[in-house]
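First comes the structure, then the notes that go with it.
The values are calculated or read from the model by the stated rules, or taken from the named source; none is laboratory data. Since the structure is predicted, the reported quantities are computational estimates derived from the model, not experimental observations. So basically every Cβ, Gly included, is an ideal-geometry build from the backbone, and we count neighbours across all protein chains shown. Keep in mind that these areas ignore ligands, DNA and RNA; they rest on the heavy atoms of the full protein, side chains included. Shrake-Rupley method; radii C 1.70, N 1.55, O 1.52, S 1.80 Å.
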Amino acid sequence: MVGTVAGVSELSAALIMIAAILTSATIISVFALKVYKVAKRIDGVLGVDKKGRTISDRLASVEYQLCPNGGSSMADKIASIELQQTEVRSQMESYRDVIAGLLKGSKSNGSVV
């Protein structure tokens with residue numbers, strides 16, 4: 001047999017080589033696609049969003065909202081609400097005391113308010 005290598009003809013060896021190359025190319029292509037998808041996902045998280053902001057821009061806006069800055073942050077608004085709530089509570093306690101005093105006075109006089 002002319003052109004045989006370990007019992008395999010040249011044609012069979014060439015077909016096996018082509019199959020091995022195609023299989024290798026397919027494996028490399030699948031791996032490259034998976035790496036591309038991961039890189040695209042990472043870029044979506046760390047890169048620029050649909051509004052053109054980077055992760056640094058987005059974190060800066062979150063930090064701006066969390067730190068008191070003179071009235072426009074969430075922390076300032078929460079502090080303002082707490083202050084208003086304390087004032088309302090104080091007023092309600094005053095009203096309660098006035099009403100309780102009126103009721104107590106009306107009971108001692110025997111009149112109904």
Exercise for the section: Using a Gaussian network model of the chain whose springs link C-alpha atoms within less than 10 Å, name the residue from 44, 52, 101 with the highest mean-square fluctuation. Expected result: 101
Handout entry: Residue-count net charge about residue 74 - beta-carbon cut-off 13 Å; Lys, Arg +1, Asp, Glu -1
Key = -2
Handout entry: Candidates 78, 27, 55: whichever shows maximal mean-square fluctuation once the chain is modelled as a Gaussian network with Cα springs under 10 Å
Key = 27
Problem - Apportionment of accessible area to carbon and sulfur, region 1-104, percent (1.4 Å) - result: 69
Completion exercise
Taking a probe of 1.4 Å and leaving out DNA, RNA and ligands, the chain shows per residue an accessible area in Å² of 87
Exercise for the section: Using only Cα atoms, tell me the angle between helix 55-66 and the longest principal axis of the chain; keep it within 0 to 90° and round to the nearest 10. Expected result: 10
Practice task
Taking 7 Å along the Cα-to-C-beta vector as the label spot, tell me the residue 25-residue 59 distance in nanometres, rounded to one decimal.
Solution key: 4.4
Handout entry: ³J(HN,Hα), Karplus 6.51/-1.76/1.60, whole Hz, each residue of region 92-104, x for Gly, Pro
Key = 5, 5, 5, 4, 4, 5, 5, 5, 4, x, 5, 5, 5
Completion exercise
Excluding residues fewer than 8 positions from residue 40 in its own chain, the aspartates and glutamates with Cα under 19 Å of it are 49
Fill in the blank from the handout: In a Gaussian network model of the chain with springs linking alpha carbons closer than 10 Å, the residue among 14, 32, 79 that fluctuates most is 14
Problem - Qualifying aspartates and glutamates (Cα of each under 18 Å from Cα of residue 107; at least 8 residues distant if same chain) - result: 97
Exercise for the section: Using only Cα atoms, find the angle between the long axis of helix 10-46 and the longest principal axis of the chain, and express it within 0 to 90 degrees, rounded to the nearest 10. Expected result: 20
